Amino acid sequence: MTTTTVTPRRSTGPRLRRARGFSADRPRRSPLLTVLTGIVLVYSLLPLAWLLVNATKTQADLFSSFGLWFGDSFALFSNIGQTLTYDDGIFVRWFANTLLYVVLGAGGATALAVLGGYGLAKFDFPGKKGVFATVIGAVAVPGTALAVPTFLMFSQMGLTNTPWSVIIPSLISPFGLYLMWTFAAEAIPTELLEAARMDGAGEARTFAQICLPLLAPGIVTVLLFTMVATWNNYFLPLIMLKDPDWYPLTLGLNAWNAQAATAGGEAIFNLVITGAVLTIVPLVVAFLFLQRYWQSGLAAGSVKE
Amino acid sequence: MTRSTRTTLRRTALRGAAVAGALALTLTACSGGGTADPEAAAEEGGELTVWAWDPTVEPIAEAYMEAHDGVTIEVVNAGTGNDQYTALQNAIAAGSGVPDLAQIEYYALPQFAIGESLADVSELGAAELDGTFTPGPWSAVQQGEGIYGLPLDSGPMALFYNATVFEEHGIEVPETWDAYVEAARALHEADPSIYITNDTGDAGFTTSMIWQAGGQPYTVDGTDVTIDFTDEGSTAFAETWQQLVEEELVAPISSWSDEWYQGLGDGSIATLTIGAWMPGNFESGVPDAAGDWRVAPMPQWTEGASDTAENGGSAMSVTEASENKALAYDFLEFASAGDGVQIRLDGGGFPATVADLESEEFLSQESEYFGGQKINEVLAQSAADVVEGWQYLPFQVYANSIFNDTVGQAYVSGTTITDGLADWQDASITYGNDQGFTVD
């Protein structure tokens with residue numbers, strides 16, 4: 001009798017556990033969620049696939065072949081060559097401009113956000129609440145709304161149509177500051193700072209040698225955000241810049257696209273598409289390389305240890 | 001023949017310019033910025049900034065610089081059409097970074113002229129150019145007594161049609177708009193994938209069609225403006241086009257989109273009634289359709305008539321903010337009435353100058369793309385047949401920007417084009433009055 005009662009209990013054991021307990025190690029399978037995620041995956045990858053496929057077509061092929069499959073010709077390399085040399089190689093110039101704006105703009109914005117966030121998180125000073133309110137308020141104001149007033153101000157200062165008119169506004173990242181602030185508050189134990197001071201380290205040294213490594217995941221996160229924002233920045237340069245020699249890639253590609261819509265203009269959709277592919281490559285590479293720092297940064301501070 | 005006509009023309013023009021320039025010298029001496037005699041200014045040299053999106057402006061500037069040692073011209077593509085107008089407005093409002101010259105489409109020119117953003121170049125020699133340009137573009141650059149630019153190109157309309165498609169289905173190329181509607185039905189019935197044309201509501205096309213029908217919805221006298229879309233011409237267009245929209249005979253594709261180029265290439269868009277500058281776009285945009293397309297005169301409202309209208313086209317204007325208007329004008333004249341015209345023609349542009357439109361060389365040119373047809377004969381005839389007296393609003397850029405909220409609704413919902421035109425009229429009147437015009 002006893003043996004018969006024991007055996008079924010053993011066999012139902014795992015089945016019961018499977019039905020009842022869902023831990024992070026044993027997630028429940030949901031067909032609905034799988035389908036939804038699948039749809040989202042296709043939705044986000046399809047444009048990319050379209051872009052890659054169509055970058056291999058000539059202008060004539062683009063209009064005569066099916067959009068999601070390859071055409072008669074494989075013109076990827078000649079397209080890339082043409083993109084880089086069309087109109088005296090202006091694309092290369094735009095690429096360099098974008099790099100300049102990203103290095104100085106996003107780099108500067110990150111540096112300022114790190115310094116500011118650290119200061120706000122770890123030091124007490126009068127008016128801190130005011131700064132907090134300002135930063136939170138600034139996050140809510142879209143950059144687009146400020147573009148025209150900024151243009152008029154910069155115009156008075158004679159800065160429009162220069163790279164500075166794009167770089168200086170990019171330096172300000174309220175969201176980055178806020179992120180670094182909360183990150184620094186969690187990631188740097190105040191005791192550690194006290195210990196460093198006790199050991200005789202100056203403020204600068206404490207920051208550079210002790211805090212910076214701790215802040216690394218947060219810095220990468222902010223850097224990625226500001227990089228993407230600057231890389232994709234469109235409206236601000238559109239308003240500020242008139243000289244195609246200073247255009248970033250976004251404006252340049254748009255100018256190429258607009259060319260098809262004018263009398264006497266040459267339609268170069270194949271170059272626009274190839275240019276778009278070349279434009280996203282650096283961002284994809286940056287994401288792949290910085291991914292692990294970024295992921296660890298996202299979760300920091302979420303669990304009290 | 002052509003070359004000599006052009007040089008004589010230019011010489012007279014220059015002589016006139018010198019006289020007028022001397023006169024202008026006394027008038028504008030206080031404005032500073034060196035001499036007011038264009039020719040002297042050109043010899044003296046200087047720097048100019050030109051905002052233009054047209055690809056032929058760059059080679060014209062190069063040719064000018066080659067002929068004038070001390071002159072440096074920077075050609076900047078500050079965007080096309082509306083983008084550039086916004087940039088220009090911004091620069092004018094900010095008071096800095098305004099170019100010396102800007103390319104401006106005819107429909108937008110009154111807006112800048114009345115805003116006193118453009119210089120009146122009649123005293124600088126433009127007054128002497130009367131008769132140099134075809135009437136449509138020439139009247140388009142004039143506002144009241146002033147001349148606010150010189151025509152770069154023009155867009156007399158013609159019917160571009162895919163001959164292969166028409167032949168395949170044995171349908172005649174329509175000569176009247178009624179026949180056009182019939183052809184639309186026949187084509188779509190023969191092959192449901194074929195549409196007579198594409199249209200999703202286009203302000204420029206609509207106004208051009210009303211223009212050809214003899215309508216004159218806009219009358220402008222200084223700041224007194226009348227807007228009336230109930231006249232015969234407007235009604236004729238609205239009623240005819242309504243049939244096409246209602247029966248879904250026009251492809252719901254916006255012009256200049258990649259879908260549009262695709263439709264022009266694969267024959268699903270069978271005709272375009274559009275400006276004479278279109279051949280260049282055909283050649284570069286849909287090279288695969290070479291040989292399929294032909295050009296015919298624009299369909300007529302009454303049988304046997306030969307009325308046409310302008311569609312698009314742009315002028316170049318000297319800005320009021322320019323510090324060297326004399327030099328700017330000298331370049332402008334070079335570009336639009338001098339040697340620049342030939343450079344534009346070589347670049348595939350369509351001229352606005354009478355001498356070129358009438359030249360044997362131009363008319364007898366056979367277009368390979370259009371199956372060897374002498375398309376310029378049709379296009380030049382159209383330039384001569386443009387209905388006179390058309391006026392655009394002094395705030396046409398704004399009016400066009402709200403076209404799709406009003407008339408455009410007829411293409412996507414149950415409202416009619418007539419209702420849409422009435423809405424457009426009301427919205428334009430309200431805006432005009434808000435801007436300080438007297439509109440009714």
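With the dipole of the stretch B:126-258 worked out from charges on the C-beta (+1 for Lys and Arg, -1 for Asp and Glu) around the Cα centre, which of B:212, B:149, B:134 lies farthest toward the positive end?
B:149
How much mean residue ellipticity at 222 nm does chain B get from its helices, if each DSSP H run of length 4 or more adds -39500 (n - 2.57) and you divide by all residues, to the nearest 500 deg cm²/dmol?
Computed ellipticity for chain B at 222 nm equals -13500 deg cm²/dmol.
Calculate how steeply helix B:232-246 sits against the longest principal axis of the alpha-carbon atoms of chain B, using the helix alpha-carbon long axis, and give the answer as 0 to 90 degrees to the nearest 10.
50 degrees
Just the ratio, please: alpha-carbon radius of gyration of the stretch B:362-440 over 2.2 N^0.38 Å, N its number of residues. Please list the in-between numbers first.
On the way: Rg = 19.3 Å, N = 79, 2.2 N^0.38 = 11.6 Å.
Here the answer is 1.66, to two decimals.
Using helices alone, what [θ] at 222 nm do you get for chain A, with -39,500 (n - 2.57) per DSSP H run of 4 or more residues, divided over all residues and rounded to the nearest 500?
-23500 deg cm²/dmol
With only alpha-carbon atoms in the gyration tensor, what are the semi-axes of the equivalent ellipsoid for the protein assembly as shown, in Å, largest first?
55, 37, 24
So how much accessible area does residue A:128 have, in Å² to the nearest 10, using a 1.4 Å probe?
50 Å²
Using the Cα centre of chain B as the reference point, and only Cβ charges (+1 on K/R, -1 on D/E), how large is the resulting charge dipole? Debye, rounded to the nearest 20.
On the way: 10 positive and 70 negative charges, 163 e Å.
Computed charge dipole of chain B: roughly 780 debye.
With label points built 7 Å along Cα→Cβ from the Cα atoms of residue A:48 and residue A:284, find their separation and express it in nm.
0.7 nm
Taking a probe of 1.4 angstrom, what is the accessible area of residue A:88 in Å², to the nearest 10?
150 Å²
Work from the charge dipole of the protein assembly as shown (Cβ charges, +1 for Lys and Arg, -1 for Asp and Glu, about the Cα centre) and give the residue of B:188, A:235, B:438 farthest towards its positive end.
Positive-most Cα among the choices belongs to A:235.
For the stretch A:230-285 and the stretch B:277-341, compute the distance between their C-alpha centroids and round to whole Å.
Using only Cα atoms to place each centre, the spacing works out to 26 Å.
Can you list which of the DSSP-assigned H helices in chain A have a Cα extent of 27 Å or more along the long axis and an average Kyte-Doolittle score of at least -1.0?
A:31-54, A:76-101, A:212-232, A:269-299
Bin width 10 Å, origin at 0, all Cα-Cα pairs of the stretch B:117-191: what percent of pairs per bin?
Distribution as computed: 16, 32, 12, 17, 18, 6 percent.
Please work out the Cα center distance from the stretch A:164-212 to the stretch A:89-133, rounded to the nearest Å.
What the calculation gives is 13 Å, centre to centre.
When the Kirkwood radius is taken over all Cα pairs of the stretch A:110-153, what Stokes-Einstein diffusion coefficient follows at 37 °C and 0.692 mPa s, in µm²/s?
The calculation lands on 268 µm²/s.
Hey, what angle do you get for helix B:82-94 against the long axis of chain B, alpha-carbon based, 0 to 90 degrees rounded to 10?
30 degrees
Can you check what the net charge comes to around residue A:263, using other residues whose Cβ is under 9 Å from the Cβ of residue A:263 (Lys, Arg +1; Asp, Glu -1)?
-2
Just to confirm a number: summing +1 for Lys and Arg and -1 for Asp and Glu over residues other than residue B:381 whose beta-carbon lies under 13 angstrom from that of residue B:381, what do you get?
Around residue B:381, the surrounding residues sum to -3.
Rounded, prolate or oblate: which fits the stretch A:145-228, taking a ≥ b ≥ c as square roots of the Cα gyration tensor eigenvalues, rounded meaning a/c under 1.5, else prolate when a/b beats b/c?
prolate
Report in % the part of the accessible area of chain A that belongs to carbon and sulfur, leaving out ligands and nucleic acids; probe 1.4 Å.
Solvent-exposed carbon and sulfur of chain A make up 69 percent of the total.
Before we go on, tell me the buried accessible area for the A/B pair, both chains summed, 1.4 Å probe, in Å² to the nearest 100. Numbers along the way, then the final one.
Working: alone 18730 and 18410 Å², together 35110 Å².
Looking at A and B, the buried total is near 2000 Å².
Extension gain residue B:193-residue B:47, at 0.36 nm per residue separation less the Cα-Cα distance, in nm?
Result: 47.1 nm gained on full extension.
Rounded if a/c is under 1.5, else prolate if a/b is larger than b/c, else oblate: which is chain A, with a ≥ b ≥ c the root eigenvalues of its Cα gyration tensor?
Details: a/c = 2.70, a/b = 1.18, b/c = 2.29.
Here chain A falls in the oblate category.
Quick check on the stretch B:31-163: take the gyration tensor over C-alpha atoms, sort the square-rooted eigenvalues as a ≥ b ≥ c, and tell me if it's rounded (a/c under 1.5), prolate or oblate.
Rounded shape, in that the Cα axes give a/c under 1.5.
Hey, got the dipole for the protein assembly as shown? About the Cα centre, +1 on K and R Cβ, -1 on D and E Cβ, debye to the nearest 20?
Taking the Cα centre of the protein assembly as shown as origin, the dipole is about 6600 debye.
Going toward the positive end of the dipole of the stretch A:21-145, with +1 on Lys and Arg Cβ and -1 on Asp and Glu Cβ, which of A:141, A:30, A:91 do you reach last?
A:30
In whole Å and largest first, what semi-axes does the C-alpha gyration tensor of chain B yield when each eigenvalue is scaled by 5 and square-rooted?
38, 26, 18
Cα-based Rg (one decimal) and Dmax (whole number) for the stretch B:253-411, in Å?
Both quantities, over Cα of the stretch B:253-411: 18.2, 53 Å.
Could you give the size of the charge dipole of chain A about its Cα centre, using +1 on the Cβ of each K and R and -1 on the Cβ of each D and E, expressed in debye and rounded to the nearest 20?
So the dipole magnitude of chain A works out to roughly 1920 debye.
Could you compute how much accessible surface residue B:253 exposes when probed at 1.4 Å, giving the result in Å² to the nearest 10?
20 Å²
In degrees, nearest 10, range 0 to 90: what is the angle between the Cα axis of helix B:2-28 and the longest Cα principal axis of chain B?
Helix B:2-28 sits at roughly 60 degrees to that axis.
The values are calculated or read from the model by the stated rules, or taken from the named source; none is laboratory data. Since the model is a prediction, treat every value here as computed from it, not as a measurement. Please note: Cβ atoms are built from the backbone with ideal geometry, for glycine as well, and neighbour counts cover all protein chains shown. What goes into the accessible areas is simple: the full protein's heavy atoms, side chains included, and nothing from ligands, DNA or RNA. Shrake-Rupley method; radii C 1.70, N 1.55, O 1.52, S 1.80 Å.
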